[in-house]
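This report concerns only the one structure given below.
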Amino acid sequence: MMHLSNRAGLPLMGFSQALLPMLSSLKFLYHSMNYTMTPRITSPDRDFSASFNVAQSNWLITRLSKDGKVREARQVFDEMPDKDVVTWTTVITGYIRCGMIEEARRLFDRVDAKKDVITWTALVSGYIRLKQIKEAERLFYQMPQWLQDFQEMA
């Protein structure tokens, strides 16, 4: 039996010779996953929506937006009877990802829009990404104080 050691030089117990090929393939998989391109604006991998139907719709909106099908994503959004803050953030982020900052802002400014610190940050970041620094600054200063306090703590 061969003993493996970690970076500290301490032996790792319980690994047999048969596991070595599997470990090397996992190492390759781990490294290949870490070096993939990721979009600048990302949405959470996990949807914490209370409703399964809302979570499924949020996933579909995310998928469509990532594929550049923002019109179809908006149609799913418009047809949803229940929307949560994740839904609103996902559509707004989709517009930003497609360079449609004005449409993202119109949706963001709607009276019925559900927003949290992630939604605000996504839009501010979208303006910065498009080099509209004055608009990003203006939006940042419109942010409710409790959101600014939350961002400073993070």
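The values are calculated or read from the model by the stated rules, or taken from the named source; none is laboratory data. The shown structure was predicted, so the numbers you read here are calculated from the model rather than taken from an experiment. Please note: Cβ atoms are built from the backbone with ideal geometry, for glycine as well, and neighbour counts cover all protein chains shown.
Okay, residues lined up against (1) surrounded by 14 or more Cβ atoms within 10 Å (Cβ to Cβ); (2) over 21 Å from Gln145 (Cβ atoms):
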{"position": "Asn53", "(1), (2)": "no, yes"}
{"position": "Leu60", "(1), (2)": "yes, yes"}
{"position": "Gly68", "(1), (2)": "no, yes"}
{"position": "Arg71", "(1), (2)": "no, yes"}
{"position": "Met80", "(1), (2)": "yes, yes"}
{"position": "Tyr95", "(1), (2)": "yes, yes"}
{"position": "Ala113", "(1), (2)": "yes, no"}
{"position": "Trp120", "(1), (2)": "yes, no"}
{"position": "Leu123", "(1), (2)": "yes, no"}
- prompt: Would region 121-135 turn up any residue that is at pLDDT 90 or above, closer than 21 Å to Asn58 by Cα and aliphatic (A, V, I, L, M)?
  reply: yes
message: Need pairs with beta-carbon distance below 8 Å; first residue within 16 Å of Phe108 (Cα to Cα) and within region 64-87, second of a type in the set (Phe, Trp, Tyr); sequence gap 6+ or separate chains.
response: Val70/Tyr95; Lys83/Phe77; Val86/Phe48; Thr87/Phe77
